[in-house]
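> Below is the structure I would like to discuss, written out as structure tokens.
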Amino acid sequence: MSRILYQRILLLVISFSASVQSTKVLSEWKKCGDLECEKAMSRVQATTDYIGPDCRYLNFTTGEEIIVYSKLSRENENLWTGSKGKDFGYFPRDAVKVEEVLIGEEVEVLTKETDFLCLHEDKYTFE
């Protein structure tokens, strides 16, 4: 009985530490097309293949079109957030080229913890 309890506690600790890692805040600030970050900022095209390090990142191949919704700012300006089809996530800005700017002005807002969770099939995933 105590061995099963020990295994369950160990599994819980491992699960919690993985969850903390996958929710790591990548930046305190981001730039968006509006205060709610719902307006598309630009349309970009992938200039290289990219596979992200975890489920928070958007994977793509050269030539794919991505719609950008936010750009991390201040301490981590290299990551942008966007979508292609049903997939959504972070990607490095140097892996794309801007094809069309869709907004007139960027606004800077604070990020939220939910900005850094994995989203799969309309559910947040805690790894």
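The values are calculated or read from the model by the stated rules, or taken from the named source; none is laboratory data. Only a predicted model underlies this, so the values are computations on that prediction, with no experimental measurement involved. FYI the Cβ positions are ideal-geometry reconstructions off the backbone, even for glycines, and counts take in every protein chain you see. Surface accessibility is based on the protein's heavy atoms, side chains included, excluding ligands, DNA and RNA. Shrake-Rupley method; radii C 1.70, N 1.55, O 1.52, S 1.80 Å.
> Would you tally the net charge around R43, using a Cβ to Cβ cut-off of less than 9 Å, leaving R43 out, and scoring K and R as +1, D and E as -1?
Net local charge, R43 excluded: -3.
> A follow-up question, please. Relative to a virtual label point 7 Å from the Cα of K97 in the Cα→beta-carbon direction, which members of segment 47-61 show backbone nitrogen distances below 12 Å?
Within reach of a label on K97, which here means backbone N under 12 Å from a point 7 Å along Cα→Cβ, segment 47-61 contributes 47-48.
> Please report, to two decimal places, log10 I(q)/I(0) for segment 24-103 at q = 0.22, 0.24 Å⁻¹ as given by the Debye formula with identical point scatterers on the Cα atoms and no solvent.
-1.02, -1.21
> Moving to a separate point now. Taking only protein heavy atoms and a 1.4 Å probe, what accessible area per residue, in Å², does segment 24-103 have with all protein chains in place?
With all protein chains present, segment 24-103 gives 53 Å² per residue.
> Could you compute the FRET efficiency for E77 and C55, with r as their C-beta to C-beta distance and R0 at 25 Å, rounded to 0.05?
The pair E77/C55 has a calculated efficiency of 0.65.
> Pairs of Cα atoms under 8 Å, at least six residues apart: use those to get the relative contact order of segment 46-104, whole percent.
Once divided by the residue count of segment 46-104, the mean separation gives 32 percent.
> Expressed as a whole percentage, what fraction of the accessible surface of segment 24-103 belongs to carbon and sulfur atoms when a 1.4 Å probe is rolled over the protein heavy atoms?
Looking at segment 24-103 in its full context, I get 46 percent from C and S.
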